[in-house]
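Worksheet: one structure, shown below.
The values are calculated or read from the model by the stated rules, or taken from the named source; none is laboratory data. Quick caveat: nothing in here was measured; it's all calculated off a predicted structure. Cβ placement follows ideal geometry from the backbone for every residue including glycine, while neighbour counts extend to all protein chains displayed.
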Amino acid sequence: MARIFLDYPFSTWIIFIVSTHILYVLGLVGYRLFFHPLAGFPGPRYAALSRWHEVYHDVYLQGKFIFWIKEQHRKHGPIIRIAPDELHILDADLWETIYTKAGRVDKYAWMSGRFGNDTSVLTTAPDDLHRIRRNALNPFFSRQHILGLQDIIRQKLDTLIGRVEEYKALNAPMPIHRGFMAFSEDVIMQYCFGHDYSAVGEDGWAPTLHDAFMNVTIAGNTALHFPLVPKIMNALPQAWIEKLDPVYAPIFRMQRDLGKQIRDIKQSIAAGSSSSDNDRQTVFSDLIHGDLPEAEKADRRLQDEAQLVIGAGLATTGWALTVGTFYLLDNPNVLARLRRELDEAIPGSAYDLDNPTTALEWTKLEKLPYLTGVIKEAVRLSHSTTSRNVRRLPKPIYFKDWVIPAHTPVSMTIPFLHLDEEIYPDSNSFVPERWLDNPKAKNGAPLERYFVGFGKGTRSCLGLNLAWCELYLVFASFFRFFDFELFETDISDIELAHDYFLPLPKLDSKGIRVFVRHRDI
(Lines give C-alpha, C1' and ligand atoms only; values in the text may rest on other atoms or scores of the structure.)
Protein backbone atom coordinates (compact mmCIF):
# COMPACT_ATOMS: atom_id res chain seq x y z
CA MET A 1 0.00 0.00 0.00
CA ALA A 2 2.81 2.43 0.92
CA ARG A 3 4.44 1.64 -2.44
CA ILE A 4 1.29 2.69 -4.29
CA PHE A 5 1.28 6.11 -2.62
CA LEU A 6 4.98 6.59 -3.34
CA ASP A 7 4.32 6.02 -7.05
CA TYR A 8 2.28 9.27 -7.27
CA PRO A 9 4.21 12.24 -8.74
CA PHE A 10 5.27 15.12 -6.50
CA SER A 11 2.78 17.51 -8.11
CA THR A 12 -0.05 15.18 -7.14
CA TRP A 13 1.08 15.29 -3.53
CA ILE A 14 1.17 19.08 -3.58
CA ILE A 15 -2.38 19.19 -4.99
CA PHE A 16 -3.53 16.71 -2.35
CA ILE A 17 -1.97 18.68 0.54
CA VAL A 18 -3.31 22.03 -0.72
CA SER A 19 -6.78 20.58 -1.33
CA THR A 20 -6.85 19.01 2.12
CA HIS A 21 -5.85 22.31 3.68
CA ILE A 22 -8.52 24.20 1.73
CA LEU A 23 -11.16 21.69 2.77
CA TYR A 24 -10.05 22.00 6.40
CA VAL A 25 -10.24 25.80 6.28
CA LEU A 26 -13.65 25.73 4.59
CA GLY A 27 -14.89 23.25 7.15
CA LEU A 28 -13.57 25.41 10.00
CA VAL A 29 -15.19 28.51 8.51
CA GLY A 30 -18.51 26.69 8.18
CA TYR A 31 -18.33 25.38 11.73
CA ARG A 32 -17.45 28.74 13.30
CA LEU A 33 -20.10 30.62 11.34
CA PHE A 34 -23.00 28.18 11.57
CA PHE A 35 -22.42 25.35 14.06
CA HIS A 36 -20.22 26.77 16.84
CA PRO A 37 -22.03 27.23 20.21
CA LEU A 38 -21.50 31.00 19.81
CA ALA A 39 -22.65 31.13 16.18
CA GLY A 40 -25.90 32.94 17.02
CA PHE A 41 -24.36 35.78 19.02
CA PRO A 42 -24.05 39.29 17.52
CA GLY A 43 -20.81 40.65 16.14
CA PRO A 44 -18.95 41.07 12.86
CA ARG A 45 -18.58 37.84 10.91
CA TYR A 46 -14.82 38.16 10.60
CA ALA A 47 -14.49 38.13 14.41
CA ALA A 48 -16.10 34.68 14.41
CA LEU A 49 -13.47 33.34 12.01
CA SER A 50 -10.14 34.25 13.64
CA ARG A 51 -8.23 36.62 15.91
CA TRP A 52 -6.34 38.43 13.14
CA HIS A 53 -8.49 41.52 13.62
CA GLU A 54 -7.31 41.60 17.24
CA VAL A 55 -3.68 41.29 16.09
CA TYR A 56 -4.25 44.21 13.74
CA HIS A 57 -5.71 46.48 16.42
CA ASP A 58 -3.49 45.46 19.34
CA VAL A 59 -0.13 44.93 17.62
CA TYR A 60 -0.14 46.94 14.38
CA LEU A 61 -2.29 49.83 15.68
CA GLN A 62 -0.62 49.65 19.11
CA GLY A 63 -3.18 48.77 21.75
CA LYS A 64 -6.41 49.89 20.06
CA PHE A 65 -8.50 46.73 20.41
CA ILE A 66 -10.33 48.17 23.42
CA PHE A 67 -11.71 50.92 21.18
CA TRP A 68 -12.74 48.38 18.53
CA ILE A 69 -14.72 46.50 21.21
CA LYS A 70 -16.46 49.71 22.26
CA GLU A 71 -17.44 50.46 18.66
CA GLN A 72 -18.83 46.93 18.17
CA HIS A 73 -21.00 47.35 21.26
CA ARG A 74 -22.33 50.58 19.77
CA LYS A 75 -23.25 48.71 16.58
CA HIS A 76 -24.42 45.35 17.91
CA GLY A 77 -25.61 45.86 21.50
CA PRO A 78 -24.54 44.79 24.99
CA ILE A 79 -23.22 41.33 24.05
CA ILE A 80 -20.87 40.64 21.15
CA ARG A 81 -18.70 37.84 19.86
CA ILE A 82 -15.22 39.37 19.69
CA ALA A 83 -13.33 36.19 18.76
CA PRO A 84 -14.21 32.66 17.64
CA ASP A 85 -14.62 31.44 21.23
CA GLU A 86 -15.02 34.65 23.30
CA LEU A 87 -17.90 36.97 24.19
CA HIS A 88 -17.65 40.49 25.58
CA ILE A 89 -20.48 42.00 27.62
CA LEU A 90 -21.31 45.61 28.39
CA ASP A 91 -23.64 45.62 31.39
CA ALA A 92 -22.89 47.16 34.77
CA ASP A 93 -25.05 44.79 36.80
CA LEU A 94 -23.65 41.62 35.26
CA TRP A 95 -20.17 42.49 36.57
CA GLU A 96 -21.12 41.38 40.06
CA THR A 97 -22.64 38.14 38.71
CA ILE A 98 -19.49 37.11 36.85
CA TYR A 99 -16.75 38.35 39.17
CA THR A 100 -18.29 38.14 42.64
CA LYS A 101 -21.35 35.90 42.88
CA ALA A 102 -20.03 33.19 40.56
CA GLY A 103 -17.51 32.19 43.21
CA ARG A 104 -14.50 30.20 42.10
CA VAL A 105 -14.00 30.43 38.33
CA ASP A 106 -11.16 29.80 35.92
CA LYS A 107 -9.34 32.45 33.95
CA TYR A 108 -8.76 32.07 30.23
CA ALA A 109 -5.45 30.22 29.77
CA TRP A 110 -4.89 31.76 26.33
CA MET A 111 -4.30 35.17 27.96
CA SER A 112 -1.73 33.92 30.50
CA GLY A 113 1.42 34.18 28.42
CA ARG A 114 1.64 37.88 27.73
CA PHE A 115 4.28 38.69 30.38
CA GLY A 116 6.49 35.62 30.20
CA ASN A 117 5.83 34.75 33.85
CA ASP A 118 3.02 32.25 33.45
CA THR A 119 3.38 30.73 36.94
CA SER A 120 2.50 33.92 38.81
CA VAL A 121 -0.77 34.25 40.70
CA LEU A 122 -2.06 36.83 38.18
CA THR A 123 -1.68 34.57 35.18
CA THR A 124 -2.75 31.31 36.83
CA ALA A 125 -5.81 30.08 34.93
CA PRO A 126 -7.15 27.06 36.92
CA ASP A 127 -9.06 28.08 40.01
CA ASP A 128 -7.72 25.28 42.23
CA LEU A 129 -4.10 26.24 41.61
CA HIS A 130 -4.88 29.95 41.86
CA ARG A 131 -6.45 29.37 45.26
CA ILE A 132 -3.25 27.75 46.59
CA ARG A 133 -1.04 30.55 45.33
CA ARG A 134 -3.34 33.39 46.32
CA ASN A 135 -4.06 32.05 49.83
CA ALA A 136 -0.34 31.92 50.52
CA LEU A 137 0.04 35.63 49.71
CA ASN A 138 -3.20 37.02 51.17
CA PRO A 139 -2.07 37.30 54.82
CA PHE A 140 0.89 39.50 53.88
CA PHE A 141 -1.36 42.07 52.24
CA SER A 142 -4.15 42.14 54.79
CA ARG A 143 -5.25 45.47 56.24
CA GLN A 144 -3.64 44.63 59.56
CA HIS A 145 -0.29 43.89 57.96
CA ILE A 146 -0.36 47.10 55.94
CA LEU A 147 -1.18 49.14 59.04
CA GLY A 148 2.10 47.89 60.44
CA LEU A 149 3.86 48.83 57.22
CA GLN A 150 3.23 52.56 57.53
CA ASP A 151 6.73 53.27 58.87
CA ILE A 152 8.24 51.94 55.64
CA ILE A 153 5.81 54.01 53.57
CA ARG A 154 6.46 57.14 55.62
CA GLN A 155 10.23 56.68 55.34
CA LYS A 156 10.07 56.52 51.56
CA LEU A 157 7.53 59.33 51.41
CA ASP A 158 9.77 61.54 53.55
CA THR A 159 12.59 60.98 51.06
CA LEU A 160 10.28 61.82 48.17
CA ILE A 161 9.15 65.01 49.91
CA GLY A 162 12.81 65.93 50.41
CA ARG A 163 13.32 65.69 46.66
CA VAL A 164 10.24 67.85 46.10
CA GLU A 165 11.78 70.48 48.37
CA GLU A 166 14.88 70.42 46.15
CA TYR A 167 12.81 71.09 43.05
CA LYS A 168 11.08 73.92 44.87
CA ALA A 169 14.43 75.50 45.71
CA LEU A 170 15.63 75.12 42.11
CA ASN A 171 12.36 76.46 40.67
CA ALA A 172 12.68 73.76 38.00
CA PRO A 173 9.90 71.66 36.44
CA MET A 174 9.52 68.37 38.30
CA PRO A 175 8.49 65.10 36.56
CA ILE A 176 6.10 64.22 39.34
CA HIS A 177 4.88 61.05 37.61
CA ARG A 178 8.39 59.60 37.83
CA GLY A 179 8.58 60.46 41.52
CA PHE A 180 5.36 58.56 42.20
CA MET A 181 6.62 55.50 40.31
CA ALA A 182 9.94 55.56 42.17
CA PHE A 183 8.16 55.85 45.51
CA SER A 184 5.83 52.94 44.77
CA GLU A 185 8.76 50.81 43.59
CA ASP A 186 10.78 51.37 46.76
CA VAL A 187 7.82 50.62 49.02
CA ILE A 188 6.89 47.29 47.41
CA MET A 189 10.52 46.18 47.11
CA GLN A 190 11.31 46.99 50.73
CA TYR A 191 8.20 45.31 52.07
CA CYS A 192 8.43 42.14 50.00
CA PHE A 193 12.20 41.61 49.89
CA GLY A 194 13.78 43.72 52.62
CA HIS A 195 15.78 45.85 50.16
CA ASP A 196 15.23 48.31 47.33
CA TYR A 197 17.26 50.26 44.78
CA SER A 198 16.58 53.69 46.31
CA ALA A 199 14.79 54.78 43.16
CA VAL A 200 13.18 57.66 45.01
CA GLY A 201 16.64 59.14 45.63
CA GLU A 202 17.79 59.05 41.99
CA ASP A 203 18.17 62.33 40.09
CA GLY A 204 15.01 62.86 38.07
CA TRP A 205 13.86 59.50 39.42
CA ALA A 206 15.56 57.70 36.55
CA PRO A 207 16.11 54.93 35.87
CA THR A 208 13.35 52.99 37.61
CA LEU A 209 11.93 49.51 37.27
CA HIS A 210 8.78 51.12 35.94
CA ASP A 211 10.44 51.86 32.59
CA ALA A 212 11.46 48.22 32.14
CA PHE A 213 8.07 46.90 33.26
CA MET A 214 6.27 49.17 30.80
CA ASN A 215 8.44 47.79 28.01
CA VAL A 216 7.45 44.27 29.06
CA THR A 217 3.81 45.34 29.15
CA ILE A 218 3.97 46.88 25.69
CA ALA A 219 5.71 43.78 24.31
CA GLY A 220 2.96 41.71 25.93
CA ASN A 221 0.47 42.55 23.18
CA THR A 222 2.76 40.87 20.67
CA ALA A 223 3.61 37.99 23.01
CA LEU A 224 -0.09 37.25 23.49
CA HIS A 225 -0.64 36.58 19.80
CA PHE A 226 2.81 35.22 18.98
CA PRO A 227 3.79 33.16 22.06
CA LEU A 228 6.98 31.96 20.40
CA VAL A 229 8.43 35.49 20.67
CA PRO A 230 8.83 35.57 24.49
CA LYS A 231 10.18 32.01 24.43
CA ILE A 232 12.91 33.11 22.02
CA MET A 233 13.62 36.25 24.06
CA ASN A 234 13.88 34.25 27.29
CA ALA A 235 16.33 31.88 25.60
CA LEU A 236 18.68 34.71 24.58
CA PRO A 237 21.48 35.83 26.93
CA GLN A 238 20.40 38.83 28.97
CA ALA A 239 23.55 40.69 27.93
CA TRP A 240 22.41 40.55 24.30
CA ILE A 241 18.98 41.93 25.12
CA GLU A 242 20.50 44.73 27.23
CA LYS A 243 22.63 45.79 24.27
CA LEU A 244 19.56 45.80 22.01
CA ASP A 245 17.49 47.76 24.54
CA PRO A 246 19.23 49.01 27.73
CA VAL A 247 15.86 49.82 29.34
CA TYR A 248 15.63 46.13 30.33
CA ALA A 249 18.80 46.32 32.47
CA PRO A 250 16.98 47.19 35.75
CA ILE A 251 14.59 44.24 35.44
CA PHE A 252 17.45 41.83 34.72
CA ARG A 253 19.28 43.18 37.75
CA MET A 254 16.17 42.63 39.85
CA GLN A 255 15.79 39.06 38.55
CA ARG A 256 19.39 38.24 39.42
CA ASP A 257 19.11 39.76 42.88
CA LEU A 258 15.82 38.05 43.69
CA GLY A 259 17.10 34.73 42.38
CA LYS A 260 20.12 34.98 44.64
CA GLN A 261 17.97 35.95 47.62
CA ILE A 262 15.67 32.98 47.06
CA ARG A 263 18.63 30.58 46.82
CA ASP A 264 20.26 32.05 49.94
CA ILE A 265 17.07 31.59 51.97
CA LYS A 266 16.75 28.00 50.81
CA GLN A 267 20.39 27.29 51.67
CA SER A 268 19.84 28.79 55.10
CA ILE A 269 16.86 26.48 55.66
CA ALA A 270 18.83 23.46 54.43
CA ALA A 271 21.64 24.31 56.84
CA GLY A 272 19.17 24.40 59.72
CA SER A 273 19.62 28.09 60.39
CA SER A 274 16.50 29.96 61.51
CA SER A 275 17.81 33.39 60.63
CA SER A 276 20.71 35.11 58.98
CA ASP A 277 21.57 38.37 57.33
CA ASN A 278 20.07 37.02 54.13
CA ASP A 279 16.97 35.62 55.82
CA ARG A 280 15.18 38.60 57.28
CA GLN A 281 11.44 38.32 57.66
CA THR A 282 9.94 39.46 54.38
CA VAL A 283 7.00 38.33 52.31
CA PHE A 284 9.08 35.97 50.24
CA SER A 285 11.22 34.58 53.04
CA ASP A 286 8.00 33.71 54.87
CA LEU A 287 6.60 32.11 51.71
CA ILE A 288 9.65 29.88 51.44
CA HIS A 289 9.45 28.96 55.12
CA GLY A 290 5.70 28.39 54.85
CA ASP A 291 3.64 25.34 53.98
CA LEU A 292 3.31 25.86 50.24
CA PRO A 293 3.81 22.62 48.27
CA GLU A 294 7.46 22.20 47.32
CA ALA A 295 6.66 22.52 43.62
CA GLU A 296 5.30 25.99 44.37
CA LYS A 297 8.64 26.97 45.93
CA ALA A 298 10.69 26.31 42.79
CA ASP A 299 13.13 29.13 42.07
CA ARG A 300 11.57 30.11 38.75
CA ARG A 301 8.05 29.98 40.18
CA LEU A 302 8.97 32.31 43.04
CA GLN A 303 10.78 34.67 40.67
CA ASP A 304 7.67 34.85 38.49
CA GLU A 305 5.61 35.67 41.56
CA ALA A 306 8.09 38.26 42.74
CA GLN A 307 8.16 39.99 39.36
CA LEU A 308 4.37 40.11 39.28
CA VAL A 309 4.05 41.54 42.79
CA ILE A 310 6.62 44.26 42.12
CA GLY A 311 5.19 45.23 38.73
CA ALA A 312 1.63 45.40 40.02
CA GLY A 313 2.69 47.22 43.17
CA LEU A 314 4.43 50.08 41.42
CA ALA A 315 2.52 50.60 38.17
CA THR A 316 -1.12 50.93 39.19
CA THR A 317 -0.59 52.97 42.35
CA GLY A 318 1.92 55.29 40.72
CA TRP A 319 -0.44 55.92 37.81
CA ALA A 320 -3.43 56.61 40.07
CA LEU A 321 -1.32 59.19 41.94
CA THR A 322 -0.31 60.73 38.61
CA VAL A 323 -3.84 60.92 37.22
CA GLY A 324 -5.28 62.27 40.47
CA THR A 325 -2.58 64.94 40.69
CA PHE A 326 -3.30 66.16 37.17
CA TYR A 327 -7.05 66.43 37.77
CA LEU A 328 -6.58 68.25 41.06
CA LEU A 329 -4.25 70.82 39.50
CA ASP A 330 -6.57 71.19 36.51
CA ASN A 331 -9.63 71.79 38.73
CA PRO A 332 -8.92 74.67 41.15
CA ASN A 333 -12.30 74.45 42.90
CA VAL A 334 -11.82 70.75 43.65
CA LEU A 335 -8.29 71.40 44.91
CA ALA A 336 -9.45 74.26 47.11
CA ARG A 337 -12.12 72.10 48.77
CA LEU A 338 -9.62 69.30 49.36
CA ARG A 339 -7.18 71.73 50.95
CA ARG A 340 -9.80 73.13 53.28
CA GLU A 341 -10.43 69.62 54.56
CA LEU A 342 -6.73 68.80 54.86
CA ASP A 343 -5.89 72.11 56.55
CA GLU A 344 -8.46 71.42 59.22
CA ALA A 345 -7.39 67.80 59.74
CA ILE A 346 -3.59 68.26 59.63
CA PRO A 347 -2.18 71.17 61.65
CA GLY A 348 0.69 73.15 60.15
CA SER A 349 2.84 72.26 63.13
CA ALA A 350 2.80 68.65 61.88
CA TYR A 351 5.25 69.53 59.12
CA ASP A 352 8.80 68.77 60.22
CA LEU A 353 11.28 69.06 57.36
CA ASP A 354 13.23 66.05 58.65
CA ASN A 355 10.15 63.87 59.27
CA PRO A 356 7.27 65.54 57.41
CA THR A 357 4.84 62.62 57.50
CA THR A 358 5.22 61.51 61.12
CA ALA A 359 1.74 62.73 62.11
CA LEU A 360 -0.06 61.11 59.17
CA GLU A 361 -2.07 57.96 59.93
CA TRP A 362 -4.01 55.98 57.35
CA THR A 363 -6.82 55.17 59.79
CA LYS A 364 -7.39 58.88 60.43
CA LEU A 365 -7.01 60.04 56.84
CA GLU A 366 -9.56 57.54 55.50
CA LYS A 367 -12.19 59.23 57.66
CA LEU A 368 -11.86 62.43 55.60
CA PRO A 369 -14.78 62.22 53.15
CA TYR A 370 -13.54 64.59 50.46
CA LEU A 371 -10.04 63.12 50.41
CA THR A 372 -11.67 59.70 50.03
CA GLY A 373 -13.73 61.02 47.11
CA VAL A 374 -10.60 62.43 45.48
CA ILE A 375 -8.83 59.09 45.77
CA LYS A 376 -11.76 57.11 44.39
CA GLU A 377 -11.99 59.44 41.40
CA ALA A 378 -8.23 59.09 40.86
CA VAL A 379 -8.54 55.31 40.85
CA ARG A 380 -11.68 55.35 38.68
CA LEU A 381 -10.18 57.59 36.00
CA SER A 382 -6.76 55.91 36.04
CA HIS A 383 -8.55 52.69 34.97
CA SER A 384 -6.29 50.30 36.92
CA THR A 385 -5.97 47.72 34.12
CA THR A 386 -7.45 48.27 30.70
CA SER A 387 -7.19 44.74 29.33
CA ARG A 388 -10.50 42.90 29.40
CA ASN A 389 -11.02 40.53 32.33
CA VAL A 390 -11.89 37.07 30.99
CA ARG A 391 -13.55 34.34 33.04
CA ARG A 392 -14.83 30.83 32.28
CA LEU A 393 -17.78 29.96 34.48
CA PRO A 394 -18.65 26.30 35.16
CA LYS A 395 -22.38 26.91 34.58
CA PRO A 396 -24.37 28.66 31.83
CA ILE A 397 -24.89 32.41 32.21
CA TYR A 398 -28.32 33.89 31.56
CA PHE A 399 -28.11 37.43 30.18
CA LYS A 400 -31.23 39.10 28.79
CA ASP A 401 -32.48 36.74 26.05
CA TRP A 402 -29.17 34.95 25.76
CA VAL A 403 -27.90 31.73 27.31
CA ILE A 404 -24.11 31.68 27.34
CA PRO A 405 -22.77 28.10 27.38
CA ALA A 406 -20.74 26.94 30.38
CA HIS A 407 -16.94 27.37 30.13
CA THR A 408 -17.27 30.04 27.44
CA PRO A 409 -14.62 32.76 27.83
CA VAL A 410 -16.65 35.81 28.84
CA SER A 411 -15.03 39.19 29.30
CA MET A 412 -15.82 42.64 30.64
CA THR A 413 -13.62 45.74 30.79
CA ILE A 414 -13.01 48.05 33.76
CA PRO A 415 -12.93 51.38 31.82
CA PHE A 416 -16.30 50.62 30.23
CA LEU A 417 -17.92 50.28 33.64
CA HIS A 418 -16.13 53.27 35.18
CA LEU A 419 -17.17 55.47 32.24
CA ASP A 420 -20.78 54.26 32.12
CA GLU A 421 -22.94 57.40 32.03
CA GLU A 422 -25.86 55.56 33.64
CA ILE A 423 -23.71 54.81 36.69
CA TYR A 424 -21.34 57.79 36.69
CA PRO A 425 -23.03 60.84 35.08
CA ASP A 426 -20.49 63.14 33.44
CA SER A 427 -18.21 60.13 33.74
CA ASN A 428 -15.13 61.68 32.11
CA SER A 429 -15.03 64.46 34.71
CA PHE A 430 -13.21 64.39 38.02
CA VAL A 431 -16.04 64.80 40.55
CA PRO A 432 -15.14 63.76 44.13
CA GLU A 433 -18.56 64.98 45.27
CA ARG A 434 -20.17 61.94 43.63
CA TRP A 435 -18.77 59.82 46.49
CA LEU A 436 -20.15 61.89 49.38
CA ASP A 437 -23.13 61.08 51.60
CA ASN A 438 -23.63 57.39 50.89
CA PRO A 439 -24.14 57.85 47.12
CA LYS A 440 -26.49 55.79 44.97
CA ALA A 441 -26.59 55.00 41.27
CA LYS A 442 -29.67 55.88 39.23
CA ASN A 443 -31.13 52.44 39.89
CA GLY A 444 -30.89 52.95 43.66
CA ALA A 445 -27.97 50.56 44.21
CA PRO A 446 -24.96 51.80 46.21
CA LEU A 447 -22.42 53.47 43.92
CA GLU A 448 -19.73 51.42 45.64
CA ARG A 449 -21.17 48.33 43.94
CA TYR A 450 -19.91 49.67 40.61
CA PHE A 451 -16.45 50.69 41.79
CA VAL A 452 -14.09 48.04 40.41
CA GLY A 453 -10.78 49.89 40.44
CA PHE A 454 -9.22 46.99 42.34
CA GLY A 455 -11.36 44.29 40.78
CA LYS A 456 -13.95 42.15 42.53
CA GLY A 457 -14.16 38.67 43.95
CA THR A 458 -11.46 36.07 44.55
CA ARG A 459 -9.21 37.51 41.83
CA SER A 460 -9.34 41.11 42.99
CA CYS A 461 -6.12 43.10 43.37
CA LEU A 462 -3.83 41.44 45.90
CA GLY A 463 -2.29 44.73 47.03
CA LEU A 464 -5.40 46.87 47.38
CA ASN A 465 -4.78 47.63 51.07
CA LEU A 466 -1.22 48.71 50.34
CA ALA A 467 -2.48 50.87 47.48
CA TRP A 468 -5.13 52.57 49.65
CA CYS A 469 -2.56 53.34 52.33
CA GLU A 470 -0.08 54.84 49.85
CA LEU A 471 -2.77 56.89 48.13
CA TYR A 472 -4.04 58.40 51.38
CA LEU A 473 -0.58 59.27 52.70
CA VAL A 474 0.73 60.76 49.45
CA PHE A 475 -2.32 62.82 48.50
CA ALA A 476 -2.67 64.13 52.06
CA SER A 477 0.97 65.16 52.40
CA PHE A 478 1.50 66.57 48.91
CA PHE A 479 -1.60 68.75 48.85
CA ARG A 480 -1.39 69.81 52.48
CA PHE A 481 2.25 70.87 52.35
CA PHE A 482 2.85 72.05 48.77
CA ASP A 483 1.43 74.12 45.95
CA PHE A 484 1.94 72.80 42.44
CA GLU A 485 1.50 74.33 39.01
CA LEU A 486 1.23 72.28 35.81
CA PHE A 487 4.05 72.81 33.30
CA GLU A 488 3.51 72.00 29.61
CA THR A 489 0.99 69.32 30.55
CA ASP A 490 -2.57 68.77 29.42
CA ILE A 491 -5.24 66.07 29.59
CA SER A 492 -3.74 64.16 26.66
CA ASP A 493 -0.87 63.25 28.99
CA ILE A 494 -3.17 61.12 31.12
CA GLU A 495 -6.05 60.14 28.80
CA LEU A 496 -6.26 56.51 27.74
CA ALA A 497 -4.88 56.18 24.21
CA HIS A 498 -3.37 52.67 24.20
CA ASP A 499 -4.32 49.47 25.98
CA TYR A 500 -1.20 47.50 26.86
CA PHE A 501 -2.91 45.66 29.72
CA LEU A 502 -2.08 48.85 31.63
CA PRO A 503 -3.42 52.20 30.36
CA LEU A 504 -1.06 54.39 28.37
CA PRO A 505 -1.63 57.95 27.16
CA LYS A 506 -0.20 59.18 23.86
CA LEU A 507 3.15 57.51 23.29
CA ASP A 508 5.08 60.76 22.95
CA SER A 509 3.83 62.15 26.26
CA LYS A 510 6.49 63.68 28.49
CA GLY A 511 4.43 62.86 31.57
CA ILE A 512 3.08 65.13 34.28
CA ARG A 513 5.47 67.98 34.99
CA VAL A 514 4.90 70.62 37.64
CA PHE A 515 6.52 73.59 39.32
CA VAL A 516 6.58 73.37 43.11
CA ARG A 517 5.53 76.54 44.94
CA HIS A 518 5.76 77.60 48.55
CA ARG A 519 2.62 77.11 50.59
CA ASP A 520 2.01 78.76 53.94
CA ILE A 521 1.18 76.02 56.42
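Here are some notes:
- The strands (runs of 3 or more DSSP E) falling completely within region 412-521 that include 2 or more residues that are out of contact with any Ser or Thr (no Cβ under 6 Å at 6 or more places or on another chain), modelled with pLDDT of 95 or more and surrounded by 16 or more Cβ atoms within 10 Å (Cβ to Cβ) map to 483-486, 513-517.
- Per the conditions (1) part of a helix (DSSP H, G or I); (2) of a type in the set (Val, Ile, Thr); (3) crowded, with 19+ Cβ neighbours inside 10 Å; (4) more than 21 Å from the chain's Cα centre (by Cα), the sole criterion not satisfied by THR97 is (3).
- For region 115-164, filtering for residues that are at positive phi and modelled with pLDDT of 90 or more leaves 0.
- Hits in region 334-383 - residues which are more than 20 Å from GLN155 (Cβ to Cβ) and either exposed (fewer than 13 other Cβ atoms within 10 Å of the Cβ) or among the acidic types (Asp, Glu) (or both): ALA336, ARG340, GLU341, ASP343, GLU344, PRO347, GLY348, SER349, GLU366, LYS367, GLU377
- When we screen SER285, SER198 for residues that are on the phi > 0 side of the Ramachandran plot and hydroxyl-bearing (Ser, Thr, Tyr), the only hit is SER198.
- The number of residues in region 282-340 that are small (Gly, Ala, Ser), assigned to a helix (DSSP H, G or I) and more than 26 Å from the chain's Cα centre (by Cα) comes to 2.
- Residues that are crowded, with 17+ Cβ neighbours inside 10 Å and either in a helix (DSSP H, G or I) or of a type in the set (Ser, Thr, Tyr) (or both) within region 160-177 comprise LEU160, ILE161, ARG163, VAL164, TYR167, LYS168, ILE176, HIS177, listed in sequence order.
- Looking across ALA109, ALA83, one residue alone is surrounded by fewer than 17 Cβ atoms within 10 Å (Cβ to Cβ), over 28 Å from ALA445 (Cβ atoms) and either of a type in the set (A, V, I, L, M, F, W, C) or touching a Cys at 6+ places or on another chain (Cβ under 8 Å) (or both). It is ALA109.
- Of HIS36, HIS57, all but one fail to be surrounded by 15 or more Cβ atoms within 10 Å (Cβ to Cβ), at pLDDT below 95 and of a type outside the set (Phe, Trp, Tyr); the exception is HIS36.
- Options PHE478, PHE487: the member that is closer than 19 Å to GLY324 by Cβ, out of contact with any strand residue (DSSP E or B) (no Cβ under 7 Å at 6 or more places or on another chain) and in contact (Cβ under 8 Å) with a residue 12 or more places away in the chain: PHE478
- Against the test of being within 30 Å of THR386 (Cβ to Cβ), buried (at least 17 other Cβ atoms within 10 Å of the Cβ) and in contact with a helix residue (DSSP H, G or I) (Cβ under 6 Å, 6 or more places away or on another chain), the options PHE41, PHE65 yield a single qualifying residue, PHE65.
- Residue list for region 124-164, filter: touching a residue at least 24 places away in the same chain (Cβ under 8 Å) and among the hydroxyl-bearing types (Ser, Thr, Tyr): SER142, THR159
- Elements of the type helices (runs of 4 or more DSSP H) sitting completely within region 186-274 and holding at least 1 residues that are surrounded by fewer than 16 Cβ atoms within 10 Å (Cβ to Cβ) and basic (Lys, Arg): these cover 228-235, 238-244, 249-270.
- Residues (farther than 22 Å from THR123 by Cα and part of a strand (DSSP E or B)) located in region 385-401: ILE397, TYR398, PHE399
- Positions within region 46-63 being in contact with a Leu (Cβ under 8 Å, 6 or more places away or on another chain), farther than 13 Å from ASP85 by Cα and assigned to a helix (DSSP H, G or I), in sequence order: ASP58
- Residues in region 119-147 that are surrounded by 17 or more Cβ atoms within 10 Å (Cβ to Cβ) and not in a helix (DSSP H, G or I): THR119, SER120, VAL121, LEU122, THR123, THR124.
- Hey, ARG104 part of a loop (DSSP other than H, G, I, E, B) and more than 18 Å from the chain's Cα centre (by Cα) or not: yes
- The one condition in (1) in contact (Cβ under 8 Å) with a residue 40 or more places away in the chain; (2) farther than 30 Å from ILE89 by Cα; (3) among the hydrophobic types (A, V, I, L, M, F, W, C) that ALA336 fails to fulfil: (1)
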